[in-house]
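Data first, discussion second: the structure below is written as C-alpha cells.
The values are calculated or read from the model by the stated rules, or taken from the named source; none is laboratory data. Small disclaimer: the values here were computed from a predicted structure and weren't measured. Here Cβ is always computed from backbone atoms with ideal geometry, including for glycine, and neighbour counts include all displayed protein chains. With ligands, DNA and RNA removed, areas are computed over all heavy atoms of the protein, side chains included. Shrake-Rupley method; radii C 1.70, N 1.55, O 1.52, S 1.80 Å.
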Amino acid sequence: MTLVSLQMPVERNETGIALAVAILAQRFGDRFSAAAALREQHGHTTTWLPNQAPDGVVFAESTEEVAEVVKVCAEHKVPVIAFGTGSSLEGHVNAPAGGISVDMSRMNRVLQVNADDLDCVVEAGVTRKQLNEYLRDTGLFFPIDPGADASLGGMAATRASGTNAVRYGTMKDAVLALTVVMADGTVVHTGGRARKSSAGYDLTRLMVGSEGTLGIITEVTLRLHGIPEAVSGGVCPFPDLESACNAVITTIQCGLPVARIELLDALQIRACNAYSKLDLVETPTLFVEFHGSEAGVREQSELFGEIARDNGGGEFTWATKAEERSRLWSARHDAYWAALGLRPGAKGVSTDVCVPISRLADCIKATMADLNEAGLIGPLVGHVGDGNFHTLVLVDVDNPQEIAAAEGFIERLNWRAIEMGGTCTGEHGVGQGKMKYLTREHGAGLDVMRAVKAALDPAGILNPGKVVPM
Ligand SMILES: Cc1cc2nc3c(=O)[nH]c(=O)nc-3n(C[C@H](O)[C@H](O)[C@H](O)COP(=O)(O)OP(=O)(O)OC[C@H]3O[C@@H](n4cnc5c(N)ncnc54)[C@H](O)[C@@H]3O)c2cc1C
C-alpha cells in the first residue's frame with residue numbers, strides 16, 4: 001500500500017466543472033476564487049495525506065447561498081465539498097474529483113442563546129472558541145473541545161469530541177437539530193429545540209458524522225451547560241502506561257463523574273515540556289479535572305487520589321488557580337504541535353482508535369510494543385476515559401521504508417481496536433484515510449450506508465470519495 005492508495009479514485013467531470021466555475025464566479029464575484037493558493041488551502045493540509053485542491057472556493061453567507069451553490073453543482077454534476085476550518089485529519093476536505101469548496105467561515109453568527117432552556121442556535125461557521133467567548137457572561141458554556149478551534153458545522157459533520165466528552169458527551173449528544181442543504185438544494189430542518197423527540201427517523205443523528213456526504217449543515221442547535229460552581233484538577237504521574245490505564249479503568253468503572261481524564265505518555269510529556277514551557281516529570285501522566293459543587297469536587301478528587309495511589313500513581317500536583325489549570329489544558333490542547341517539534345521536518349500521522357474501557361490497557365500496551373518493534377516515533381495522547389487514544393507517528397515522508405512501516409503500524413492498530421470490540425475512529429472520522437476499515441467494522445451495515453447515500457445523493461456530488469466506498 002502506498003500513501004496515494006489511501007485515496008479512492010473518482011472521475012473528474014471537466015465540462016461540468018468549467019460551467020459551474022464560470023456560473024459561480026459570475027454570481028459570487030469576489031466571494032468566489034479559483035486562485036491556486038486558496039484552492040490548495042481548501043484541500044487537505046493537516047497531515048501527510050496528499051493535498052487534492054478543489055477547482056474553486058465560494059464564501060457563502062447564508063443558507064440560501066449554500067443552496068444556490070449546491071443547485072448549480074447538482075445541475076452540472078460537480079462535486080461540492082463543505083469546508084469549516086479544514087482541521088480534519090483524514091483527507092476529509094480533499095477534492096479527488098475536483099469541484100467546488102463551500103467555505104462556511106462567513107456564516108459565523110450566533111443566532112439565539114436560550115439561557116432558560118440551556119440551548120443555542122448558531123450558523124455552521126461559528127467556531128467552538130467563538131461560541132464560548134460569546135457565552136462568557138451567561139453562566140453557560142459549550143463543552144466539546146477538539147484540539148483545533150474547529151467550526152461547529154465541521155464538528156457536527158465529523159461527530160467530534162475532545163477532553164470533556166467523558167462527562168458531557170460528543171457532538172452526537174450536543175446537537176439537538178440542524179438546518180441542512182440537501183444534494184438537490186432543498187433546505188431541511190431536522191428537529192426543534194425539544195430535549196427529546198420520537199417523531200420519526202432521527203435525521204439529526206444521520207447528518208451528525210456524515211462528513212458532508214449527505215448534506216451541508218448551515219445551522220446547528222446545540223445543548224449548553226451551566227458553568228460548574230467549582231472546578232479542580234491537576235496532574236498525576238505514573239510509573240508506566242499500564243498502571244495509568246488501570247487507574248482510568250477503575251475511575252470509570254466506579255462511576256466517578258470525572259469531567260476530563262487524559263493520558264500523555266512520557267515522550268508526549270517531554271514534547272509538552274519543551275513546547276509549553278512546563279516542567280512535568282517525564283513519565284506517563286494523567287491530566288484530570290472535576291466539575292461540581294465545592295463539596296462534590298473535593299469528594300471526587302479524594303476518591304480519585306485513592307484510586308491513583310492504589311495503582312501506583314505518584315504525587316498529585318493540583319492546579320488550584322484557574323490560570324494554572326488553563327496553562328495545563330492549553331498544553332494538552334497543543335499536544336499535536338508539541339509532538340511535531342520532537343522531529344522537525346517530519347510529517348505527523350495522527351491515529352485515532354477507541355476501545356471498550358476494559359480493553360484500554362491491553363490495546364495501549366500492544367500498540368506501544370508494536371510501535372517500538374516497527375522502529376517508529378509516536379507519542380501517545382488519549383481521551384482515555386472514553387477508551388479513545390491517539391499516537392502521532394512522526395514520519396520522514398521521503399523515506400519509503402518509514403512510510404511502509406508507519407502504514408503497517410496504523411493498519412494493525414485499526415484492526416486491533418476493531419477486534420477488541422472497538423472502532424477505527426473514536427472522533428476524527430473516516431474521510432479518505434479510514435474508508436478501508438469500514439467493511440470489517442460494519443459488515444452488512446456498510447451496504448445500508450451505501451443505500452442511504454444513494455437515496456440522498458443519487459448523483460454522488462456531495463464530498464465524493466469519502467466515508468462510504470460506493
Ligand atoms: C491539533 C488538532 C487536534 C485535534 N483534536 C481533535 C479532538 O480532540 N477531537 C476531535 O474530534 N477532533 C480533533 N481534531 C480533528 C478536527 O479538529 C475535527 O475533525 C473537527 O471537528 C473538524 O472541524 P472543521 O471545522 O475543521 O471541519 P473541516 O476540516 O473543514 O471539515 C471536516 C469534514 O466535515 C465536513 N464539513 C465541514 N463543515 C461542514 C458543514 N457545515 N456541513 C457539512 N459538512 C461539513 C467537510 O466536508 C469534511 O468532510 C483535531 C485536529 C487538529 C489539527
Point to revise | Cα-centred dipole magnitude for the chain, charges only on beta-carbon of K, R (+1) and D, E (-1), debye, nearest 20 | key: 560
Study note, to complete from the structure: With no solvent term and unit scatterers on the alpha-carbon positions of the chain, Debye gives log₁₀ I(q)/I(0) at q = 0.07 Å⁻¹ of -0.36
Review point. For the stretch 358-470, which whole-number percentage of the solvent-accessible area (1.4 Å probe, protein heavy atoms only) is attributable to carbon and sulfur atoms?
Key: 56
Exercise for review: Determine how many Å³ per residue the convex hull of the Cα atoms of the stretch 42-194 encloses.
Suggested key: 107
Practice item. Could you work out how far the C-alpha centroid of the stretch 297-345 sits from that of the stretch 101-127, in angstrom? Key: 31
Exercise for review: With everything on Cα atoms, drop me the angle between helix 294-310 and the longest principal axis of the chain, reported from 0 to 90° to the nearest 10.
Suggested key: 70
Check your understanding: Quick one: net charge of F28's neighbours, Cβ under 13 Å, K/R +1, D/E -1?
Key -> -3
Exercise for review: Answer rounded, prolate or oblate for the stretch 1-129, using the Cα gyration tensor with square roots of eigenvalues a ≥ b ≥ c: rounded when a/c is under 1.5, else prolate when a/b is larger than b/c, else oblate.
Suggested key: oblate
Point to revise | Per-residue [θ]222 nm for the chain (sum of -39500 (n - 2.57) over DSSP H runs n ≥ 4, rounded to 500) | key: -11000 deg cm²/dmol
Point to revise | Overall Cα dimensions of the stretch 130-274 - principal axes, largest extent first, Å | key: 56, 33, 31
Point to revise | Cα radius of gyration and Dmax for the stretch 302-392 (Å) | key: 15.4, 44
Exercise for review: Report, in degrees rounded to the nearest 10, the 0 to 90 angle that the Cα long axis of helix 445-456 makes with the longest principal axis of the chain.
Suggested key: 40
**Study point:** Cβ-based charge dipole, the chain, positive-most Cα from F409, S87, L176
**Key:** L176
Check your understanding: Which whole-angstrom value gives the distance between the alpha carbon centres of the stretch 415-470 and the stretch 243-291?
Key -> 31
Practice item. From zero up to wherever the largest Cα-Cα distance of the stretch 63-141 sits, split into 10 Å bins and tell me the percent of pairs in each. Key: 16, 37, 28, 15, 4
Check your understanding: Based only on the alpha carbon positions, what is the Kirkwood hydrodynamic radius of the stretch 266-424, in angstrom?
Key -> 17.1
Practice item. Tell me the chymotrypsin sites (Phe, Trp or Tyr not before Pro) within the stretch 138-231 that lie in a loop according to DSSP and have at most 10 other beta-carbon atoms within 10 Å. Key: Y201
Review point. When only alpha-carbon atoms count, how far does the stretch 112-207 stretch along each of its three principal axes, as whole angstroms with the largest first?
Key: 37, 29, 24
Review point. Short version: what are the Cα gyration tensor semi-axes of the stretch 377-470, square root of 5 times each eigenvalue, largest first, in whole Å?
Key: 27, 17, 12
Review point. What is the dipole size for the stretch 61-133, taken about its Cα centre, with +1 at each Lys and Arg Cβ and -1 at each Asp and Glu Cβ, in debye to the nearest 20?
Key: 300
Study note, to complete from the structure: Longest principal axis of the chain (C-alpha) makes with the long axis of helix 241-253 (C-alpha) an angle, in degrees to the nearest 10, of 80
Point to revise | Relative contact order computed over the chain (Cα-Cα under 8 Å; 6+ residues apart), in percent | key: 17
